[in-house]
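See below for the structure under consideration.
The values are calculated or read from the model by the stated rules, or taken from the named source; none is laboratory data. Source: prediction; values computed, not measured. Glycine gets a Cβ as well: all are built from the backbone with ideal geometry, and neighbour counts include every protein chain shown. Surface areas here come from the heavy atoms of the whole protein model, side chains and all, with no ligands, DNA or RNA. Shrake-Rupley method; radii C 1.70, N 1.55, O 1.52, S 1.80 Å.
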Amino acid sequence: TVLLGFRFENQKWQDEHGLGLSIIGIDRIEVLKGPSYLLYGTEAIGGVIKIVEENIPASGTKESDINGSLFSNTLGFSVNGGIKKNTGKKNWRIRIGADSHADYSDGKNDRVLNSRFESYNLKATLGYTHKRWINQNNFYSCFSRFGFIMKDNQGRKPVDGRFGRKLDGPYHAVLLNILSSENTLFLK
């Protein structure tokens, strides 16, 4: 997985968890298979998941938006807002968001105890465009808490209601900070 130009390896402690990333500020996800994986090294032989950030607005424009999503399986929500501007020579963006999810249900409509999670995210970009040089500086900060999935009620207070979001069972907290700088130089 590639995020902001970096190899991203998160949450290798349990196979029930995904990458632990929020959808905010993501334009698309590309799956690279075949010979193109060679650009990412020998460990990418099975393919690469490339997470592509949202585009900067057209030159001389400013854009802002607020987004919200509801999730029926986890009774969760995701909300985020952002603003971005491009003056032609300089561009910037700021996006903040939060996610909150209760326990999800399996295919038999049974709750998977302690599968709840929450996340708080901040993304910022500052870029410059010169005649033959493009510079993009990105910052991504995320604080998340993920419950460890339990087969029964071991080590946890009595089971709360279906909408419960309090992490009173075992969980792990993840603080992720990424600072990257991408530079492109155009030669004659």
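Couple of notes before you dig in:
- Cα gyration tensor shape of segment 3-126, rounded if a/c is under 1.5, else prolate or oblate by comparing a/b with b/c: oblate
- As a fraction of the 1.4 Å probe accessible area of the chain, surface on carbon and sulfur atoms comes out at 59 percent.
- Per residue, segment 67-188 exposes 58 Å² of accessible surface when a 1.4 Å probe is rolled over the protein heavy atoms with every protein chain present.
- Out-of-range pairs (alpha-carbon distance over 19 Å; input 62/123; 84/123; 33/123; 90/131): 33/123
- Total formal charge among the other residues, if their Cβ is under 10 angstrom from that of residue 186, Lys/Arg +1 and Asp/Glu -1: +3
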